[in-house]
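One structure coming up, written as structure tokens, with questions to follow.
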Amino acid sequence: MLIESSEEEGGYTDKELSDEMMVLMLGGTDTSANAAAFTLIMLSRYPAIQQKVFEELKKVFDDDSKRPIVPEDLLQLKYLDIVLKETLRLFPPAPLLMRKVTEDITLPSGVTVPKGCSILTNIWAVHRNPTYWGEDVEQFRPERFLDTPFKHPAQFMPFSFGPRNCPGYTYAMMSMKTFLAMTLREFRVLPATPPDEFNQYPPLRLTFELLLKDADDFKICLEPRH
């Protein structure tokens, strides 16, 4: 498909084809896998939230843990949807992004950014800005997506924002919800290490290369429900 679609541009070279495929592989798999893995870690640390997800799954699937998931099911998994979004808020797969300025632009602050500059957007910081998310910004609280209307359309942008945002965002959400639903119907997710005497867990150790990852390799425990 890439070869055919590039014919109007004279055809991609082998290197261009390789580069495009690398982007598709990383953008279409690693981002979703990381976000789903972070979601399982958070559910292991918040059993009450995990139980709410499981109750929703039982309602949608009528206690039938073996029935295949169809697209219509995903639309009903509204609580799982906000759990996933809250995880994406705290752990965006790509916490930084760069954009090239194609023409002089004046920001609301009055500063003019000249053409040819690059702008770095810190999504990690935007998602932790108490002005938009409240003073409990560091807390894992999925309900904030239900009870707090957005103050700015770009305050939540785990897959970028605007005309250059991720074209696979809807597909990514569907694939992650499918994976999480299949996993949580079969297994209870438990933390790899127990909490301390105050029932607290240490902050996750994170690394950032191309994507944000758990430095301890996303360790969890799975307990069969049946």
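The values are calculated or read from the model by the stated rules, or taken from the named source; none is laboratory data. As the structure is a prediction and not an experimental result, all values here were calculated from the model. So basically every Cβ, Gly included, is an ideal-geometry build from the backbone, and we count neighbours across all protein chains shown.
For region 2-57, which positions are at negative phi and either hydroxyl-bearing (Ser, Thr, Tyr) or part of a loop (DSSP other than H, G, I, E, B) (or both)?
Ser5, Ser6, Tyr12, Thr13, Ser18, Thr29, Thr31, Ser32, Thr39, Ser44, Tyr46
Can you confirm whether region 172-184 contains a residue that is surrounded by 10 or more Cβ atoms within 10 Å (Cβ to Cβ), in a helix (DSSP H, G or I), among the aromatic types (Phe, Trp, Tyr) and at pLDDT below 90?
Among the residues of region 172-184, not one is surrounded by 10 or more Cβ atoms within 10 Å (Cβ to Cβ), in a helix (DSSP H, G or I), among the aromatic types (Phe, Trp, Tyr) and at pLDDT below 90, which makes the answer no.
Residues that are touching a Pro at 6+ places or on another chain (Cβ under 8 Å) and farther than 28 Å from Met25 by Cβ: does region 164-180 have at least one?
no
Restricting to helices (runs of 4 or more DSSP H) lying wholly in region 65-161: which have 3 or more residues that are surrounded by 11 or more Cβ atoms within 10 Å (Cβ to Cβ) and of a type outside the set (A, V, I, L, M)?
Here the list reads 78-90.
Also, I was wondering about something else. Free of Cβ contacts under 8 Å to residues at least 24 places away in the same chain and of a type in the set (A, V, I, L, M, F, W, C), is that true of Val137?
The answer is yes for Val137.
Please name all residue pairs, on different chains or six or more residues apart, with Cβ atoms under 8 Å, provided the first residue is in region 73-84 and is touching a residue at least 12 places away in the same chain (Cβ under 8 Å) and the second residue is part of a helix (DSSP H, G or I) and among the aromatic types (Phe, Trp, Tyr).
What qualifies is Asp73/Phe61; Ile82/Phe145.
Out of all the residues in region 1-60, which are of a type in the set (Lys, Arg), under 22 Å from Lys85 (Cα atoms) and either modelled with pLDDT under 95 or in contact with a strand residue (DSSP E or B) (Cβ under 8 Å, 6 or more places away or on another chain) (or both)?
Once the filter is applied, which keeps residues that are of a type in the set (Lys, Arg), under 22 Å from Lys85 (Cα atoms) and either modelled with pLDDT under 95 or in contact with a strand residue (DSSP E or B) (Cβ under 8 Å, 6 or more places away or on another chain) (or both), region 1-60 yields Arg45, Lys58, Lys59.
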